[in-house]
1. For LYS32, go through the aspartates and glutamates and keep the ones whose alpha-carbon is under 20 Å away, minus same-chain ones fewer than eight residues off.
2. If the cut-off is 28 Å between C-alpha atoms, which lysines fall inside it for LYS54, apart from same-chain ones fewer than 8 positions away?
Amino acid sequence: MSSPITPSPLAPVTFVDVIRVLSDTSLTDLQKDEYRRKHQGRTVEWTVRVLSVKRQTENKPDSDFVVVFGSSEAADIRNPPLGEMGVATFPANLRDDIVDLHSDETIRFRGVLNFIGPIHYTVVVNNCQLLEHHK
């Protein structure tokens, strides 16, 4: 697995927490935005289910990797709703760890939380480290 770095303190939020808040129709857009701002740029450590793995740039062999993931707690993990998926980016130098990942496997990773989008946010975790991989 990748070597640990000294990250900022972990944000006390799970992927399930984030999805729950972002999809909560009883919260206003302002309340969701405040939640996003509170956690944006913080380090998270999540256990998730792998949906797909690919290179960030298909034709570039030294490209970073993109792992699309869903909650390991989801009822139908093979086909989660679009708003219940996230994206994790892993540096190209972690190729040996990432190439062994398969759909439906559970991983634990650490990275920096980011939200993309003006209203319906996409959950992205950048500069990830693979901490555990369960087949």
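Read-outs: derived from the displayed coordinates by stated rules, not from any lab. Keep in mind the model is a prediction, meaning the values are calculated, not measured.
1. The qualifying aspartates and glutamates are ASP17, ASP24, GLU84.
2. In chain and number order, the partners are LYS135.
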